[in-house]
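See structure below.
The values are calculated or read from the model by the stated rules, or taken from the named source; none is laboratory data. Since this is a predicted model, take the numbers as computed values, not measurements. Virtual Cβ from ideal backbone geometry, glycine too; neighbours counted across all protein chains shown. Remember, those area values only see protein heavy atoms, side chains included, never the ligands or the DNA or RNA. Shrake-Rupley method; radii C 1.70, N 1.55, O 1.52, S 1.80 Å.
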Number of protein chains: 2
Amino acid sequence: MKIINTPKELSAYAKAQKDAGKSIGLVPTMGYLHDGHASLIKKSASENDVTIVSVFVNPTQFGAGEDLDSYPRDIEHDCTAAEAAGANVVFHPEPGDMYPAGYGTYVSVDSDMTKVLCGRSRPTHFRGVTTVVAKLFNISAADRAYFGQKDAQQLAVIMRMVSDLNMGIEIIPCPIVREPDGLAMSSRNTYLSPGERTQAPVLSRSLSAAKKLIDAGERDVKTLRDEISRIISCAPDADAEYIEFRSFPSLDECGGRISGKVLIALAVRFGKTRLIDNIIVNI
Amino acid sequence: MKIINTPKELSAYAKAQKDAGKSIGLVPTMGYLHDGHASLIKKSASENDVTIVSVFVNPTQFGAGEDLDSYPRDIEHDCTAAEAAGANVVFHPEPGDMYPAGYGTYVSVDSDMTKVLCGRSRPTHFRGVTTVVAKLFNISAADRAYFGQKDAQQLAVIMRMVSDLNMGIEIIPCPIVREPDGLAMSSRNTYLSPGERTQAPVLSRSLSAAKKLIDAGERDVKTLRDEISRIISCAPDADAEYIEFRSFPSLDECGGRISGKVLIALAVRFGKTRLIDNIIVNI
């Protein structure tokens, strides 16, 4: 497996692969890889000749006071995990390689979909995400890019960007990977104290309970939200930031009753740690 | 020559060309083609296997109260002129094809370079330009794109975007083409009344006078600006919006004396018509 550190080198590598008729899959990550990332890499490796995993803690998607500096990093582990999952390249640039002096260009989805859910408490987050992802798409010349459904709003925003800007890349959504107790895998789970970690599965438990009600015929948003809220409040340290029902991928708010493809999304704080989780149901 | 009307068809055409190993040149225009456009098309045709000319009056680069509705259009003439200059494809989409319902993504260069010169009176203009140009680059899969130096700030902003977003496309700047009396060719020249048209060459005359002073050793910005201003004021209907000296392509303001690669840029109004012109000198 190759480790590439600069956009220029990766562009040259990708061009050589394309010229040789090879297909390229990209798995954009912020590193500290877990089994969720590994599932994306494996899927890419099974569908493309070459798989590139980017490991870059992207400063432009962190707001003031967020966890840019404390975000966990372990590039040696990441290279081992990426290679084991089938990656051909780890792309690991420095911030100054991605945003050199004089940098000034941003890609943003300016519609409501970036202002709701996580966008409400993180107003510049998605602009940073779409900017770095647009750059990574260009540098890697990828045919396909793999994103976890864990970040469902990010996935919807990226699908919007790709469609709006006529980017010739296929976005492949991949299912959430969970710990044995149901907690969605996330690099930020390492922030949890042992006590918080014990309580954290309330997110997935509340979503499973909602799914069970929906399977039994429940369609009323208030009833479903109340049940989710009730289960989350069983965790004494949980502070729910939002519990929302939105169409997917347009992210329009559901009215009184759910129908069609519906995202049920949660953000819950445990102390300083903010966890998100979701399910998408088809009605 | 082919006429293609939808992004989807052009993407498919471009992909087939790339798969066949052909190089693609793109000439983005708003139509009403004149000899300036023809020079870009000829240059592209001489440097690429396939030349695509886009003809699209892009609504997102016009501000409220600007001339979107009255901007001159003549697609039949444009097709004839593009073919005569060597184009293989005219791409002529409708606004709804480029910005379908739910559209929400914009590419913007947010640094000072879009806020000076024309950006001062047209605050959303360059965001519209970079957005449509990014879309056209993606749809056309072009290897090279050709832009006239007439819109020098646009050229600098696009070069910035291409570098910042790691777009794998070469930007080819092309010299200004002028009428016999020196007026820079522009589709907007058709707005001028006969009396205004007679006065309009003061822009190029003032720039030539400045160039002559520079060639004779003058470096003082105030002296050069005064001379340009004096010549423009000889035209009774001319109203200078700006006369500026800036580094190219960074567009930083020159101090008291010029040095290096310097853009001397003018915007002058004649009634409702706003004309721009410039020279780039190397000192």
Cα principal axis extents for the protein assembly as shown, largest first, Å: 81, 46, 45
Sorting from shortest, the nanometre distances separating the label point of B:LYS261 (7 Å past Cα along the line to Cβ) from those of the same residue in the other copies are 4.6
For the stretch B:107-121, in order, what is each residue's ³J(HN,Hα) by Karplus, 6.51 cos²θ - 1.76 cosθ + 1.60 with θ = phi - 60°, in whole Hz (x at glycine and Pro)? 10, 9, 8, 8, 7, 4, 4, 8, 9, 9, 6, 5, x, 5, 8
For A:SER23, inter-copy label-point distances (7 Å, Cα→Cβ), nm, shortest first, read 2.9
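Under a Cβ-only charge scheme (Lys and Arg +1, Asp and Glu -1), can you give me the dipole magnitude of chain A about the Cα centre, in debye to the nearest 20? Display every interim value, and only then the final one.
Details: 32 positive and 35 negative charges, 86 e Å.
Computed charge dipole of chain A: roughly 420 debye.
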Amide H contacts under 5 Å for A:PHE147, restricted to residues at least 5 apart in sequence or on another chain and with H modeled in the peptide plane, are A:ILE172, A:CYS174
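Can you tell me the mean projection area, over all orientations, of the convex hull of the stretch B:1-154's alpha carbons? Units nm², please. Kindly include the intermediate steps, with their values, before the conclusion.
Working: hull surface 36.7 nm².
For the stretch B:1-154, averaging the hull's shadow over all directions gives 9.2 nm².
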If you restrict to DSSP beta bridges whose two residues both lie in the protein assembly as shown, what percentage is antiparallel, to the nearest 5? 55 percent
Applied in sequence order to the stretch A:64-70, the curve 6.51 cos²θ - 1.76 cosθ + 1.60 (Karplus, θ = phi - 60°) yields integer Hz couplings, x standing for Gly and Pro, of 4, x, 7, 9, 4, 6, 8
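Given R₀ = 56 Å, what would the calculated FRET efficiency be for B:GLU218 paired with A:LYS8, taking r from the Cβ atoms and rounding to 0.05?
On the way: r = 41 Å, r/R0 = 0.73.
Rounded to the nearest 0.05, the efficiency is 0.85.
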If every Lys and Arg gets +1 and every Asp and Glu gets -1 at its Cβ, then about the Cα centre the stretch B:131-224 yields a dipole, in debye to the nearest 20, of 140 debye
Could you let me know the centre-to-centre spacing of the stretch A:121-169 and the stretch B:148-227, using Cα atoms, in angstrom? 37 Å
Determine the share of the stretch A:1-160's accessible area contributed by carbon and sulfur atoms, expressed in whole percent, with a 1.4 angstrom probe. 50 percent
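Quick one: buried accessible area between B and A, total over both chains, 1.4 angstrom probe, nearest 100 Å²? Kindly include the intermediate steps, with their values, before the conclusion.
Details: alone 12850 and 12840 Å², together 23790 Å².
The B and A chains share an interface burying roughly 1900 Å².
Using only Cα atoms, figure out Rg for chain B and give it as a multiple of 2.2 N^0.38 Å.
Details: Rg = 19.0 Å, N = 283, 2.2 N^0.38 = 18.8 Å.
Scaled against compact globular proteins, the figure is 1.01.
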Using a 7 Å Cα-to-Cβ projection, B:ILE75 label spacings across copies, nm, ascending: 5.2
In Hz, Karplus ³J(HN,Hα) per residue of the stretch B:250-257 (6.51, -1.76, 1.60; θ = phi - 60°; x = Gly, Pro): 6, 6, 6, 5, 6, x, x, 10
Can you pull out the trypsin sites (Lys or Arg not before Pro) in the stretch B:221-283 whose DSSP state is coil and whose Cβ has at most 14 other Cβ atoms within 10 Å? B:LYS272
Amide H within-cut-off set for B:ARG178, under 5 Å, with H built and near neighbours excluded: B:MET185
Amide proton proximity set for A:MET30, modelled H, under 5 Å, gap of 5+: A:PHE56
Relative contact order of chain B, defined on C-alpha pairs under 8 angstrom at six or more residues apart (%): 17 percent
Shielding score for B:104-116, defined as the mean number of other chain Cβ atoms within 10 Å: 6
